[in-house]
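The block underneath contains the structure these notes are about, expressed in structure tokens.
The values are calculated or read from the model by the stated rules, or taken from the named source; none is laboratory data. Everything numeric in this text was worked out from a predicted model, so none of it was measured. Please note: Cβ atoms are built from the backbone with ideal geometry, for glycine as well, and neighbour counts cover all protein chains shown. Ligands, DNA and RNA are stripped out before the accessible areas are found, and what is left, the full protein with its side chains, is counted by its heavy atoms. Shrake-Rupley method; radii C 1.70, N 1.55, O 1.52, S 1.80 Å.
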Amino acid sequence: MPVTSPRTKALATLEKIARMDAETAILDQFDADPWRPARLGLEAAGLWLDLSKQSWSREGFEACLALARACDLEGRRAALFAGEAVNGTEGRAVLHPALRAGPGADFHALGEPVSEEVATVRQAIAAYATAVRSGTEAGATGQPFRAIVHIGIGGSDLGPRLLWDALRPLDPDIDLRFVANIDPRDMAEALTGLDPETTLVVVVSKTFTTQETLANAERARTWLATALPEAGRERHLVGVTAAPDKAAAFGCGHTFGFRDWVGGRYSLWSAVSLSVAVAAGPEVFERLLAGAAEMDAHFLSAPLARNAPVMLGLAQVFNVAGMQRPARTVAPYAHALRRLPAFLQQLEMESNGKGVRRDGSPVDTPTGPVVFGEPGTNGQHAFFQQIHQGPEVVPAEFIIVRHAGDEADDGVGDAPLWSNALAQAQALMLGKSEAVARAELLAAGADTAEADRLAPHKAFPGNRPSTTLVMERLTPEALGALLALYEHKTFVEGVIWDINSFDQWGVELGKVLAQAILKDVKAGKPSAGLDPSTAGLLKRLLG
Ligand code: F6P
């Protein structure tokens, strides 16, 4: 008889309960359990989380918790924070919480103490940011830096870019621009209007081998060289990397380091956000870290049933494994959080888009949905039609910032923004029956035939799940807590799927093939053995 593991059993129970929950309207769950809003709502590190509009019944939620326990979530969480080699395929610890810990922290990566080094780099970031902002650290011609071009891609771009959009003053003293794409247009746009004498170029790459980043760094170096004297030019080039020798060899005057136990998509808490610390001020960066540390403390100490990252992760597990829902949309109702969906795409899909378990055997469930989104209310006027009436159920996540537009207040206020988020979540859950749609048509003067014809088009199935997250203001602390919440949620899901959330082998094959194709481009013809489709496209592109 095959041995059934506690995890397999717990997963089977969850699937069984999910089948029953699929037959119950979410709205009816509130009648069945008057404590539902209190049970499924909680505050963590200043964020309010409402998971009561998810499809799970009380039993469904309990089954998710049982699955988490069967997967030893608490043990795996302890191993992460203890700096064990939780990234098994690369033999690395994963210790982004060490980067944001408060004074007195004592983290170890594979047994090596790291907190002292972290504190030293944090001080160096603050000192450099202060020096640039005050003009003490100036360019080759003695002029203070007025602009920064941040070059990086993936985790070396998405986090800092999101931070800057979210935290930048309306009229910043320092003009921070980002370049990620190897398309020369990206760099050309970023450099337009900038003066090399007052521009700092920050090259961010954990490996310092990434094709796009190195190509863009070379472009920027050439741009600086055409306008600046050689002496002091290196002060315009700063490297942020886990490979400091490579940055120095490239010509960076300053280098800020981080270690291999910081994953690219978990690196915004490190010197990877140097450019933001300079442009927004080092105290803003420190406040961001403090907010994330608060979420770390919550994740470590709150019981699983009242633990925000755990509950958010389990809601996704229920949707993916229980309900077979292959997508999730994220709608931040704050213009300043417009880059959040892109950030989450990398965080979640690069972490958990895996086909094998930690032991190399094939996964037994899908490991995560396709994540997509747009800021509210913009998304409502684009893809929300499908979320409301399409045949697939796409769980939605609404993020509300109660005072989103404070700094830009024009007297209209934020209510028109967040009331839309509430309305969308409500519409998804309640829907509208065909009978109601028909009655409304008749009341509006349609004849019976017209009402019969139009009612199916105007009906909404409803019973569509969503999560709502509320924060008071988009402070650096709240943003830190929000992003740490998503990091830990992603980890929780990875534990349930029993995968390694911290490697990304799936991005490697394309990189290797791109190099081979570039060789063919140089040779002017497709190499022998290239598949016919790619060879045909290459010939067309070679002209
Ligand atoms: O190609 C994917 C990736 O390796 C990401 O994981 C990483 O964030 C990004 O590339 C950039 O890598 P690097 O910081 O080494 O340039």
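Quick one: in the range 243-264, which of the residues that are surrounded by 24 or more Cβ atoms within 10 Å (Cβ to Cβ) and in contact with a Leu (Cβ under 8 Å, 6 or more places away or on another chain) is nearest to Pro172 (Cα to Cα)? Steps first, answer last, please.
Here is the first cut: in the range 243-264, the ones surrounded by 24 or more Cβ atoms within 10 Å (Cβ to Cβ) are 247, 252, 261-262, 264.
From the residues that got through so far, the ones that are in contact with a Leu (Cβ under 8 Å, 6 or more places away or on another chain) too are 252, 261-262.
Working: Cys252: 25, Trp261: 33, Val262: 29 Å.
The qualifying residue nearest to Pro172 (Cα to Cα) is Cys252.
Listed conditions (1) more than 16 Å from the ligand (Cβ to nearest atom); (2) of a type outside the set (Lys, Arg); (3) within 30 Å of Leu228 (Cα to Cα) are all met by Gly111, apart from (3).
For the range 8-35, filtered to residues that are surrounded by 15 or more Cβ atoms within 10 Å (Cβ to Cβ) and of a type in the set (Ser, Thr, Tyr), the residue that is modelled with the lowest pLDDT is Thr24.
The criterion of at least 3 residues that are over 15 Å from Val149 (Cβ atoms) and either within 30 Å of the chain's Cα centre (by Cα) or assigned by TED's automatic domain parsing to the domain that holds Leu518 (or both) is met, among helices (runs of 4 or more DSSP H) falling completely within the range 175-250, by 244-250.
Say whether the condition of being without any contact (Cβ under 8 Å) to a residue 40 or more places away in the chain, part of a helix (DSSP H, G or I) and of a type outside the set (Gly, Ala, Ser) is met by at least one residue in the range 458-470. Yes, some residue in the range 458-470 is without any contact (Cβ under 8 Å) to a residue 40 or more places away in the chain, part of a helix (DSSP H, G or I) and of a type outside the set (Gly, Ala, Ser). Mind checking whether some residue in the range 172-181 is among the β-branched types (Val, Ile, Thr), within 16 Å of the ligand (Cβ to nearest atom) and open to solvent by less than 10 Å² (accessible area, probe 1.4 Å)? Looking for residues that are among the β-branched types (Val, Ile, Thr), within 16 Å of the ligand (Cβ to nearest atom) and open to solvent by less than 10 Å² (accessible area, probe 1.4 Å), one finds at least one in the range 172-181, hence yes.
Could you please find all residues in the range 218-242 being near the ligand (Cβ under 10 Å from one of its atoms), among the aliphatic types (A, V, I, L, M) and surrounded by 24 or more Cβ atoms within 10 Å (Cβ to Cβ)? Give the derivation first.
Pass one, the range 218-242, residues near the ligand (Cβ under 10 Å from one of its atoms): 240-242.
After this cut, where a residue has to be among the aliphatic types (A, V, I, L, M) as well, the list is 240, 242.
Of everything in the range 218-242, just one residue is near the ligand (Cβ under 10 Å from one of its atoms), among the aliphatic types (A, V, I, L, M) and surrounded by 24 or more Cβ atoms within 10 Å (Cβ to Cβ), namely Val240.
Scanning the range 288-312 for residues that are in a helix (DSSP H, G or I) and more than 19 Å from the chain's Cα centre (by Cα), we see that the one that is surrounded by the most Cβ atoms within 10 Å (Cβ to Cβ) is His298. With respect to (1) open to solvent by 70 Å² or more (accessible area, probe 1.4 Å); (2) within 30 Å of Asn319 (Cβ to Cβ); (3) basic (Lys, Arg), the lone exception for Arg438 is condition (2). Kindly indicate whether Gly155 is at positive phi, modelled with pLDDT of 95 or more and under 27 Å from the mean Cα position of the chain (by Cα). Taking the combined requirement at face value, the residue does not satisfy it.
Condition test on Ala514, is it in contact (Cβ under 8 Å) with a residue 60 or more places away in the chain, assigned to a helix (DSSP H, G or I) and aliphatic (A, V, I, L, M)? For Ala514, the condition - in contact (Cβ under 8 Å) with a residue 60 or more places away in the chain, assigned to a helix (DSSP H, G or I) and aliphatic (A, V, I, L, M) - is met.
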